[in-house]
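Here is the structure we will look at.
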Amino acid sequence: MKNSNELAGINRMTDRNGPFIINLKNYGEISGEKAVIIAKEAEKVCRNLDVRILISPPQVLLAWIVKKTRIEIVAQHIDLKQIGPSTGFTIPEMVKASGGVGSLINHSEHPIDIDTIAKIVERMRSLQLISIVCAKNLDELKVVSNLEPDFIAIEPPELIGTNRSISTEKPSLIKESAYYLETSGTKSKLICGAGINTPKDVRIALDLGAIGILAASSIVKSDNWYNKIHELAIEFKDS
Ligand code: G3P
């Protein structure tokens with residue numbers, strides 16, 4: 001069966017282990033051309049390790065990185081606005097037309113209400129875009145799981161951007177989230193993030209039931225992007 005890229009007519013790297021999603025946020029370290037450089041480093045790791053890596057760049061750089069690389073690109077946010085008169089918003093149809101394969105939704109730095117999330121997930125499904133909905137705690141994950149996005153990323157906001165990871169600080173949250181998704185009948189798969197800094201953080205998360213990782217600052221702020229992405233991505237090889 002064709003994946004969303006093939007259906008979109010885009011021949012990009014897919015079907016890797018993971019996903020390992022790198023959110024570039026709006027960090028100065030990846031502004032402009034530097035976002036292309038980090039995406040190309042991730043692409044090399046993706047190819048060398050055969051691990052599925054997705055990049056989520058600043059919205060304004062999405063189409064440029066799609067053009068310059070062959071790695072899968074997802075938006076950082078989607079707005080529930082229509083094609084046509086919706087100046088300044090990011091709509092799913094334009095993400096798809098630009099070669100993006102999906103989007104983060106409801107990141108704790110860009111939260112939206114549950115009714116809006118529901119409509120966005122539905123619209124993305126109809127466009128065969130990958131939906132990755134963030135949840136800040138188990139209660140939110142339970143509510144979001146009813147919408148059956150492709151992935152739910154559990155991320156405690158207080159650990160984001162720190163060197164304290166969800167894996168070491170809140171392992172039970174990963175375990176309980178994985179258990180809930182497995183037993184509730186939803187098709188959504190678990191990703192986790194917040195403070196993922198080390199290979200051990202990745203290993204613990206995967207061992208506790210997450211199938212993917214969402215990480216930002218430890219990678220973007222690293223002085224060797226290839227090595228940092230590689231040391232985290234290689235943990236997917238033994239899971
Ligand atoms: O979207 C990823 C995220 O919020 C985690 O950020 O810097 O803790 O890896 P960070």
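The values are calculated or read from the model by the stated rules, or taken from the named source; none is laboratory data. Because the structure is a prediction, the values reported are computed rather than measured. Quick reminder, even Gly has a Cβ in these numbers, built from the backbone with ideal geometry, and neighbours come from all protein chains shown. Side chains are part of the model used for accessible areas, which takes the heavy atoms of the whole protein and leaves out ligands, DNA and RNA. Shrake-Rupley method; radii C 1.70, N 1.55, O 1.52, S 1.80 Å.
A few notes on this one:
- Highest-fluctuation residue, D50, D201, D79 considered, GNM on the chain with Cα pairs under 10 Å: D79
- Coil-residue trypsin sites (Lys or Arg not before Pro) of the range 168-217, DSSP, other Cβ within 10 Å capped at 12: K187
- Residues of the range 194-211 with amide N under 15 Å of a point placed 7 Å along Cα→Cβ from Y179: 208-210
- Taking each DSSP H run with n ≥ 4 as -39500 (n - 2.57) and averaging over every residue of the chain yields -11000 deg cm²/dmol at 222 nm.
- Rounded is the label for the chain. Its Cα gyration tensor axes, ordered a ≥ b ≥ c, give a/c under 1.5.
- R52 long-range amide H proximity, modeled H, under 5 Å: R16, N17, G18, F20
- Most mobile of A63, A97, A215 in a GNM of the chain (Cα contacts under 10 Å): A97
- For the peptides 113-124, 133-144, the ranking by packing is 133-144, 113-124, with the highest mean count of neighbouring Cβ atoms within 10 Å listed first.
- Estimated inter-spin distance, K200 and N227, nm [label 7 Å along Cα→Cβ]: 1.9
- Under 5 Å from the amide H of K189 lie the amide H atoms of F151, I152, each residue being 5 or more positions distant or on a separate chain, with H modelled from the backbone and absent for Pro and chain starts.
- Per-residue surface analysis assigns Y180 an accessible area of about 60 Å², computed on protein heavy atoms at 1.4 Å probe radius.
- Here L54 sits with roughly 0 square angstrom of accessible surface, probe radius 1.4 Å.
- Solvent-accessible area of the chain (1.4 angstrom probe, protein heavy atoms only): carbon and sulfur portion equals 50 percent.
- Calculated accessible area for the range 104-166 comes out at 42 Å² per residue, all protein chains present (probe 1.4 Å; ligands, DNA, RNA ignored).
- Rounded to 0.05, the FRET efficiency of the Q128 and D50 pair, given R0 = 25 Å and the Cβ-Cβ distance, is 0.60.
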